[in-house]
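Just below is one structure, and these are the notes that go with it.
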Amino acid sequence: MKPKIPVSVLVVIYTTTLHVLLIERVARPGYWQSVTGSLERADEPFVDAARREVREETGIEAPREAFRDWNLAYTFEIFAQWRHRFAPGTTHNTEHVFGLELDAVRPVILAPEEHTASAWLPWREAADRCFSWSNRDA
């Protein structure tokens, strides 16, 4: 298995009424988050990674221009239990934040190997439910 690249995207999917989509991780029940994922290759444009991850994790198809780069990046320590996915000695990840605004709540199709549940929540409630500080801040 090829090591993951320690550069990722976080995509906050929200509606015009400020309901935010959260998904619960399979590997960590109770860990709710927005769509996240690592770049597949070092030269993959961040917006393309964001679009791919949204499609893979939720089934939502959106055009490239619908994704808004929030010009925000967080660097954080990778949880010890997930470091084996990266090259030896890799301890930190840099996450680039995007937004995807939808007209209304949509049903989602989860990737069952990654997520067990989804919820559309008012933005403050969504922020409170996020397990990661970077997702909560975004």
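The values are calculated or read from the model by the stated rules, or taken from the named source; none is laboratory data. Worth saying up front: this structure is predicted, and the values here are computed from it rather than measured. Ideal geometry is used to build each Cβ from the backbone, glycine not excepted, and the neighbour counts take in all protein chains shown. The accessibility values were calculated without ligands, DNA or RNA, using every heavy atom of the protein model including side chains. Shrake-Rupley method; radii C 1.70, N 1.55, O 1.52, S 1.80 Å.
Among the residues of the range 45-65, those identified as under 13 Å from residue 108 (Cα atoms), in a helix (DSSP H, G or I) and touching a Leu at 6+ places or on another chain (Cβ under 8 Å) are 54, 57, 58.
Tell me the residue from 68, 85, 55, 51 that is touching a residue at least 60 places away in the same chain (Cβ under 8 Å), surrounded by 12 or more Cβ atoms within 10 Å (Cβ to Cβ) and of a type in the set (D, E, K, R), please. Please lay out each step first, then the result.
On the way: 68 fails: touching a residue at least 60 places away in the same chain (Cβ under 8 Å); 55 fails: touching a residue at least 60 places away in the same chain (Cβ under 8 Å); 51 fails: touching a residue at least 60 places away in the same chain (Cβ under 8 Å).
From the options 68, 85, 55, 51, the qualifying one is 85.
Close contacts from the range 102-128, counting a first residue that is among the polar types (S, T, N, Q) and a second that is exposed (fewer than 13 other Cβ atoms within 10 Å of the Cβ), with Cβ to Cβ under 8 Å and a gap of 6+ residues or different chains, come to 116/29. The residues of the range 88-109 that are out of contact with any helix residue (DSSP H, G or I) (no Cβ under 8 Å at 6 or more places or on another chain), open to solvent by 80 Å² or more (accessible area, probe 1.4 Å) and closer than 14 Å to residue 35 by Cβ amount to a single one, 106. Taking the criterion of being open to solvent by 40 Å² or more (accessible area, probe 1.4 Å), assigned to a loop (DSSP other than H, G, I, E, B), of a type outside the set (Ser, Thr, Tyr) and modelled with pLDDT of 95 or more, the residues of the range 1-40 that qualify are 6, 18, 40.
Each row is one residue, and each column tells you yes or no for (1) closer than 13 Å to residue 21 by Cα; (2) of a type in the set (Ser, Thr, Tyr); (3) touching a His at 6+ places or on another chain (Cβ under 8 Å).
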residue: 91; (1), (2), (3): no, yes, no
residue: 112; (1), (2), (3): no, no, no
residue: 115; (1), (2), (3): yes, no, no
residue: 122; (1), (2), (3): yes, no, yes
residue: 129; (1), (2), (3): yes, no, no
